[in-house]
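Only the coordinates and a few stated rules stand behind these numbers; no lab work does. Note that the structure is a prediction, hence the values are computed from the model and not measured. Cβ: placed from backbone, ideal geometry, glycine included. Neighbour counts: every protein chain shown.
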Amino acid sequence: NLSDKLDKAFHILKGHGKITEVNVADTLKEVRRALLDADVNFKIAKDFTARVKDKAIGQDVLTTLQPGQLLVKLVKDELTELMGGDVAGINLSGTPTVILMSGLQGSGKTTFSGKLANYLKTKKGKKPLLVACDIYRPAAINQLHVVGEQVGVEVYSEPENKNPVEIAQNAIKHAKASGLNVVIVDTAGRLAVDQEMMDEIARVHSAIKPQETLFVVDSMTGQDAVNTAKAFNDILNFDGVVLTKLDGDTRGGAALSIKTVVNKPIKFVGTGEKMDALDVFYPVRMAERILGMGDVVSLVERAQEQFNEEEARKLQKKIAKNEFGFDDFLTQIQQVKKMGNMKDLVGMIPGASKAMKDIEIEDDAFKHIEAIIHSMTPGERSKPSIIDVKRKARIAKGSGTKVEQVNQLMKQFDQMSKMMKMMQGPGGKNLMKMMSG
Ligand code: GDP
Ligand code: MG
C-alpha cells in the first residue's frame, strides 16, 4: 500500500546523513511510484514530485541535520495542499438547507445520508429530514427508512410516485410545514455513468436548487473515481466530495487526485458501516495518515469526547491507592467500546494498522471479558486477590467460559494495573493528561 511504499522511500533517506540532489531524485522517484501504485493520476503524481523537488532544493536541504524529516514535511505539506489545504465546511444556509446526494450505485449515498443526518442532528443541533428519491427499487426506500430509524430522523417517501423531482419538492414543502431545517435528498445511482441517470439528477438538482450538492464516491475505486467525479461535476458542478469506505484496504489515491481533477474539496470521509462512522475531512490528517504517521489527532479527539475528565481523575486516585478493581476495568472497556469500532481506532494509531492488518478484530472482542467480570461478586471485583482456584471455577461456569479464559483475564488485569501505576510516574503523566483532555 501507499504508506509502505513511502516508508521505503523515506528509508532510503534515513540511511544517509545528508541529502544530495541525486538522492532527492531517488527518493522522489520512489514517492512518485508510490503515488502511481495508489492509482493517483499520472500527471498529478508527476507535478507533485516536481513541486516537492523544487521546494526541497530551494530550501537548501543539503545542510539540514535531519534531511529525511524535512523531506517528509515537504511531502506532507504538498500532499495537504493537493487535497485542499484548509478544512472545507458545509453550507447550512437556507430555510430549510437542502443537501443533494449524487454518485454511483453502491458508493454509499444512502449510508452517508443517514450518517450526515445523525451528525447534523447530534453535533449541529439541526432537525433533518431524509428524502427517498431512489424510486427504482422498493428496497432502496426501505433501506433509507431503516437508516432513518437508526438515527431517529424522519424519512419522507412516496412509494407510488415515480417522479423524483416531485418527491423532492414535496419533501421540502413537508419540511417547511413541520419545522425541519435540513432536507437531505438521497438519490438513485447506476453501476456506471449513464445518460438517463445524469439527466434525472440534473432535473432534481435544478428543481430544488440545493445549498450543498455532494458527490459520494467509494475510495476503493481508484482511478475510476476520478472519471466518475469528472462526469458528475460536469453536470452538477457539485460543492464537495464524500470519500466513503476509507476503513477498508483502501488505496488512498482517490483522495489525492479527485480534488485536483475537479477542484472541489473533500468534505467528509466514511470509515465504517455504522451511523457514527463519519469524519470531517482534514487534509493535513489525511496526508499524515497516507504517510503512515497515523491519524493521531482524530484518535485523541475521539478519546476526549468519550473520556470524562472527572472519571479520569477518580480513576487516577484509585490507581494511586491500589484500589483499581474489576469494576473499573469494566468501565474502561466500556469507554473503549464507546470510542467506536476497534478497527477504526487501530487504523488511527501510527504503525499499528500495519502490525494488526492480518488480525481480525471483532466488535465484540470484549464479550467474554464482560461475561467473566459480570460473574464475579462485588467483593471479588474490588479485591481481585481473593479469587482463588475454587472461585475461578465458579466464575468460569457462571460466565460460560473456561478457567483458562478466567486466568488469562486475571493476568491481563494484573498487567493493566501495573501499567496504569507506571503511567502515573513521571513519564506517564502526559498520557493521562492527554486522555483526560
Ligand atoms: P448507495 O447505493 O450509494 O446508496 O450505497 P449504500 O449506502 O447502500 O452503500 C453500499 C454498501 O456500502 C452498503 O453495504 C454499505 O453498508 C456500505 N458502506 C457505505 N459506506 C461505507 C463506509 O464508509 N465503510 C464501509 N466499510 N462500508 C460502507
Ligand atoms: Mg442508495
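Summary of computed values
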quantity	calculated
Protection-proxy order for peptides 150-159, 396-405, each taking the mean of Cβ atoms within 10 Å per residue, highest first	150-159, 396-405
Computed FRET value (nearest 0.05) for Lys397 with Arg190, which takes r as the C-beta separation and R₀ as 45 Å	0.20
Cβ crowding within 10 Å averaged over residues, with 97-105, 382-390 ranked highest first	97-105, 382-390
Built amide H within the under 5 Å cut-off of Ile266, gap 5+	Val241
Whole-Hz ³J(HN,Hα) from phi, Karplus 6.51 cos²θ - 1.76 cosθ + 1.60, for region 280-286, glycine and proline x	5, 7, 10, x, 5, 5, 4
Sequence ranges 270-277, 122-129, 110-117, ranked by mean other-Cβ count within 10 angstrom, highest first	110-117, 270-277, 122-129
Gain on full stretching of the segment that runs from Ile386 to Asp86 - 0.36 nm per residue minus C-alpha separation	102.4 nm
